[in-house]
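The values are calculated or read from the model by the stated rules, or taken from the named source; none is laboratory data. Every value quoted in this text rests on a predicted model; they were computed, and no experiment measured them. Neighbour counts run over all protein chains shown; Cβ positions are idealised from the backbone, glycine included.
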């Protein structure tokens, strides 16, 4: 799935990854029937600003021993903001870059053209089996798509609303700091602060202002 960068994105990625894994079973099915699930998230921008890597792979791993729960769930993030691929570059592109181009542009080509552009066995197999998506019934696809669209839209609205509230709280804090003759916070001072933390800071400054008026 292709995603834009919003607050709550990491939680959303994990949610959909777990959904892919659990949707394999129906009521009464044995857990042993579960197959490995791979969630590949194509991000419009850059999520990990402290890393130059384009591709990150996440697995269930014990931090102390390094032991990994293999053959369960893997979540892969690929930051498209770092890529500018063109068809003419495919002949010399890396395997990952070819996959990226296929994922982004496969819908623009006929299957025969894709087989010509991508001789790699794994990508050829993906091209040959892409029609398996049609195995999902039309009704279920429409229902799942509608439910997903509702959740995604609500998530975007909540993220935008929360960002607006945070911006408003920051401006209020700066105004109170000016009134109290305190150093006015810079953008870096507020970076990473949650709405709850800003509300607590606002309440503290308002209390100080009330006390000053009384005295």
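Residue 38 meets the conditions (1) within 17 Å of the chain's Cα centre (by Cα); (2) over 29 Å from residue 162 (Cβ atoms); (3) in a loop (DSSP other than H, G, I, E, B) in every case but one. The failed one is (3).
Restricted to the stretch 176-215, and to residues there that are exposed (fewer than 10 other Cβ atoms within 10 Å of the Cβ) and touching a helix residue (DSSP H, G or I) at 6+ places or on another chain (Cβ under 9 Å), the residue that is nearest to residue 162 (Cα to Cα) is 187.
Taking the criterion of being surrounded by 12 or more Cβ atoms within 10 Å (Cβ to Cβ) and over 19 Å from residue 122 (Cα atoms), the residues of the stretch 62-74 that qualify are 68, 72, 73. Looking at the stretch 110-118, is at least one residue closer than 30 Å to residue 34 by Cα, assigned by TED's automatic domain parsing to the domain that holds residue 23 and touching a helix residue (DSSP H, G or I) at 6+ places or on another chain (Cβ under 9 Å)? Among the residues of the stretch 110-118, not one is closer than 30 Å to residue 34 by Cα, assigned by TED's automatic domain parsing to the domain that holds residue 23 and touching a helix residue (DSSP H, G or I) at 6+ places or on another chain (Cβ under 9 Å), which makes the answer no.
Within the stretch 28-50, restricting attention to residues that are modelled with pLDDT under 90 and over 24 Å from residue 102 (Cβ atoms), the residue that is surrounded by the fewest Cβ atoms within 10 Å (Cβ to Cβ) is 50. Here the condition is being assigned to a loop (DSSP other than H, G, I, E, B) and either over 26 Å from residue 44 (Cα atoms) or modelled with pLDDT under 85 (or both); of 65, 131, it holds for 65 alone.
Residues in the stretch 71-88 that are free of Cβ contacts under 8 Å to residues at least 24 places away in the same chain and more than 18 Å from residue 55 (Cβ to Cβ): 86, 88. Residues that are in contact with a helix residue (DSSP H, G or I) (Cβ under 8 Å, 6 or more places away or on another chain), assigned to a loop (DSSP other than H, G, I, E, B) and either modelled with pLDDT under 85 or within 30 Å of residue 163 (Cα to Cα) (or both) within the stretch 5-27 comprise 6, 7, 8, listed in sequence order. When the stretch 88-104 is filtered for residues that are outside any loop (DSSP other than H, G, I, E, B) and either surrounded by 14 or more Cβ atoms within 10 Å (Cβ to Cβ) or touching a helix residue (DSSP H, G or I) at 6+ places or on another chain (Cβ under 7 Å) (or both), the ones remaining, listed by number, are 90, 97, 98, 99, 100, 101, 102, 103, 104.
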